[in-house]
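The values are calculated or read from the model by the stated rules, or taken from the named source; none is laboratory data. Bear in mind the structure is a predicted one, so any value in this text is a computation, not a measurement. So basically every Cβ, Gly included, is an ideal-geometry build from the backbone, and we count neighbours across all protein chains shown.
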């Protein structure tokens, strides 16, 4: 479904990725592991078109997208949910979600259905639908960010560190929801530092180090890999 | 809800005040000032749409105001067209020129955009000042006709002109309200928040920025046309950057990016500066520090300050509520 082939890109002075190769098959959850600054977010930015690849190819359903404008990429079905939960703090929860459905703005019935689906996935958002997004707790904000991405009905969802800064109990719920979204047919590419939780729902993973892929394999392989265990799981 | 904080009550009261104003204060001078304030507010609304909601600070706004004024001036004085047709054409022509300038200006961002538009504004001034054949140069255009009577309603008296400005003002406020509370308005806000975020939601930022720019020039042109029809004489000084900075001050004092800001800021400053008239230019000694203090302590102006207070209060209430719930839970659990 998504294929990165020898992709390099630069973001600022120090952050860059080099020769990245990733393969995502439809229906999978794929994890990108790595420390801060290892290149996960830069890879996401390059896939979603916010950053232009300096070399290499990105194919989405066999169509090259590395020259495509970001808003076109969204229309093709790749939606990114950014790391820092960028919401519109003064808009209500429901307005935030409707912004997520922007590309379907003329299909009112579909939007209503999507809104319903998001509320089913995250009932707390329904309860707070008229609250300003900035007034939500961290976990609720993360749910809203994922819900907003879901409103676009993506084929592929890019989730950048959904567990960051959340309490362990909430993290568990979050991964449960991600699994649900995946089971309903959305392919998911997930960047995480919480390796154990991420690998437990994923099919395969890539380990990033200094802007390059250091290791790759199935979730089980990575979970049993000594280096991964030492670096990310602490055992 | 408290009757004083109920929006509907406040709005109705303000509209009634606007209607009865000429009867309460039958002073021609004050009527003149109020009419001008309506016109300035419309221009500020245009600026706020772009600078406030979309986050692109245009310093060419006074220039577009002047284009609106000069279009109606040239059409009525030089080409002897009727007032209303010219009045209709003025904002449309301004918008068209805005579209072309916007295509280039929006290739820049942030302070570069501000500097670029500042230059554009100055060029507009120079064109008006130097192109004597078209604009009358420094002599300006004299004798812009009054609006023609519509049926039994004539616009001879200052009171009639006041009501005309008031009605257009109300229409503009209603239209702006619709825009900022629509998906388009929220798209503008999304662009202001973060263009990258807007792009990753599938929003074409280029198209929407241009839309905001063009809409803002429309309201500038409309205000300019109203000004020319009201004062009936225009000179190149209305294209000068002072007008832009006046509009900017009104917007910032009222509250950049807020809905009520343009009204609050414009009327407040116009009224205060009328009352400080006796100080002549020294009144800037009072204005300057006040403006500086306002920007330091409330960058989003008076209306933004009030909104922030309400937001914080709600937030605190919610936090204490959440805390209480948690405590109850632990108590029940333990």
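From the list B:307, B:280, exactly one residue is over 30 Å from residue B:164 (Cα atoms), surrounded by 13 or more Cβ atoms within 10 Å (Cβ to Cβ) and either assigned by TED's automatic domain parsing to the domain that holds residue B:37 or touching a residue at least 24 places away in the same chain (Cβ under 8 Å) (or both). Which is it? After ruling out the rest, the residue left standing is B:307.
Which ranges mark the helices (runs of 4 or more DSSP H) fully within region B:177-290 that have 2 or more residues being within 14 Å of another protein chain (Cβ to nearest Cβ)?
Details: elements: B:183-193, B:195-200, B:205-231, B:241-254, B:261-275.
Of the helices (runs of 4 or more DSSP H) lying wholly inside region B:177-290, those with at least 2 residues that are within 14 Å of another protein chain (Cβ to nearest Cβ) span B:183-193, B:195-200, B:205-231.
Residues are listed down the side, and each one gets a yes or a no for (1) assigned to a loop (DSSP other than H, G, I, E, B); (2) not assigned by TED's automatic domain parsing to the domain that holds residue B:125:
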| site | (1), (2) |
| --- | --- |
| B:8 | no, yes |
| B:12 | no, yes |
| B:30 | no, no |
| B:50 | no, no |
| B:56 | yes, no |
| B:76 | no, no |
| B:80 | yes, no |
| B:95 | no, no |
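Set side by side, the residues B:53, B:30 differ, and just one is over 24 Å from residue B:137 (Cβ atoms) and buried (at least 24 other Cβ atoms within 10 Å of the Cβ), which is B:53.
Among the residues of region A:134-143, those identified as surrounded by fewer than 24 Cβ atoms within 10 Å (Cβ to Cβ), assigned to a helix (DSSP H, G or I) and under 22 Å from the mean Cα position of the chain (by Cα) are A:134, A:138, A:139, A:140, A:141. All of A:177, A:200, A:163 fail the test of being under 27 Å from residue A:76 (Cα atoms) and assigned to a helix (DSSP H, G or I), apart from A:177. Residue under question is residue A:32, and the condition is that it be closer than 28 Å to residue B:186 by Cβ, surrounded by 17 or more Cβ atoms within 10 Å (Cβ to Cβ) and either within 14 Å of chain B (Cβ to nearest Cβ) or touching a helix residue (DSSP H, G or I) at 6+ places or on another chain (Cβ under 7 Å) (or both); does it hold? Answer is no for this residue. The one condition from (1) exposed (fewer than 12 other Cβ atoms within 10 Å of the Cβ); (2) more than 18 Å from residue B:258 (Cβ to Cβ); (3) within 14 Å of chain A (Cβ to nearest Cβ) that residue B:143 does not meet is (3). Taking the conditions exactly as written (touching a helix residue (DSSP H, G or I) at 6+ places or on another chain (Cβ under 6 Å) and more than 30 Å from residue A:145 (Cβ to Cβ)), does residue B:165 satisfy them or not? The answer is yes for residue B:165.
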